[in-house]
Amino acid sequence: ACPLVAQIDSELRAQLPDVLGGLQLENAWAYMYDGSLGGIGTHADDAQVQINFFITPTEANLWSENRSEPSGGLIVYGIGPPSSWDYSEYNSVYENPNIEEQLQSTGHWNVTVPYIANRAVLFDSTYFHKTDSMHFKKGYKNRRINVTFLYGKRKTLTARPPVSVCTSDSVPGDSPFAAMQTSQEQTIGKRMQDFYRDGKIWMDDSDWVRLGQVVRQRLARLKQRQSSG
């Protein structure tokens, strides 16, 4: 393997042992895009865990200067393919228009992560995703680069339930943090929104610890509500 790929894989495993433990690195690639021609359409990959990271300087993305521009990042939808679909059915919306029907079933609910340099996006490859529209500055050094690592094989993956537009524990809106209730959750939610949508701040180790606590608290509330319902 390329020494740099091996190094990145080793460092990711050291930081994410609970996520990547026991999973093989099945594939890795890097795409360079012309900054105005668009990216990869809606699809899912043959993997259990996917990590994408962005390495082009943030200032190359015109969204960083003008929020009316598209984010140029990654859109992850709240639903994936049925377990009966094979690779040819879930890997390209151009080959299978039924993917669009799946997205419509949840009102196209999604989380859009803007393109900011040195940002990594880790998610369950059960879910459909695509490149957001982009508008980068001209010039070879300003071209959008996305690096992808795929871990594990999809055949051993159980499809996750879809994310609805509005559930009993959430409210409508474009922010995935809108449902956070306590003051601690609201503080973390605001910092997360600044981090993901605007790239305003860095999340330090204590922030991630608190975020984990908030997520576990929310999951416990949901589980309790489901059991009592």
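Residue-by-condition table, conditions (1) within 18 Å of H43 (Cα to Cα); (2) basic (K, R); (3) in contact with a helix residue (DSSP H, G or I) (Cβ under 7 Å, 6 or more places away or on another chain):
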{"position": "L62", "(1), (2), (3)": "no, no, no"}
{"position": "R67", "(1), (2), (3)": "no, yes, no"}
{"position": "I75", "(1), (2), (3)": "yes, no, no"}
{"position": "G80", "(1), (2), (3)": "yes, no, no"}
{"position": "S84", "(1), (2), (3)": "yes, no, no"}
{"position": "G107", "(1), (2), (3)": "yes, no, no"}
{"position": "N110", "(1), (2), (3)": "yes, no, no"}
{"position": "P114", "(1), (2), (3)": "no, no, yes"}
{"position": "R119", "(1), (2), (3)": "no, yes, no"}
Could you tell me which residue of region 101-128 is surrounded by the most Cβ atoms within 10 Å (Cβ to Cβ), considering only residues that are in contact (Cβ under 8 Å) with a residue 60 or more places away in the chain and aromatic (F, W, Y)?
Y115
Enumerate the strands (runs of 3 or more DSSP E) found wholly within region 1-96, keeping only those where 1 or more residues are open to solvent by less than 60 Å² (accessible area, probe 1.4 Å) and more than 29 Å from K137 (Cα to Cα).
25-33, 49-54
Being touching a Phe, Trp or Tyr at 6+ places or on another chain (Cβ under 6 Å) and at pLDDT below 90 is the requirement here; does G35 meet it?
yes
What number of residues within region 129-150 are in contact with a Phe, Trp or Tyr (Cβ under 6 Å, 6 or more places away or on another chain) and surrounded by 22 or more Cβ atoms within 10 Å (Cβ to Cβ)?
2
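The values are calculated or read from the model by the stated rules, or taken from the named source; none is laboratory data. Quick caveat: nothing in here was measured; it's all calculated off a predicted structure. Please note: Cβ atoms are built from the backbone with ideal geometry, for glycine as well, and neighbour counts cover all protein chains shown. When the accessible area is computed, the model is the full protein with side chains, heavy atoms only, and any ligands, DNA or RNA have been set aside. Shrake-Rupley method; radii C 1.70, N 1.55, O 1.52, S 1.80 Å.
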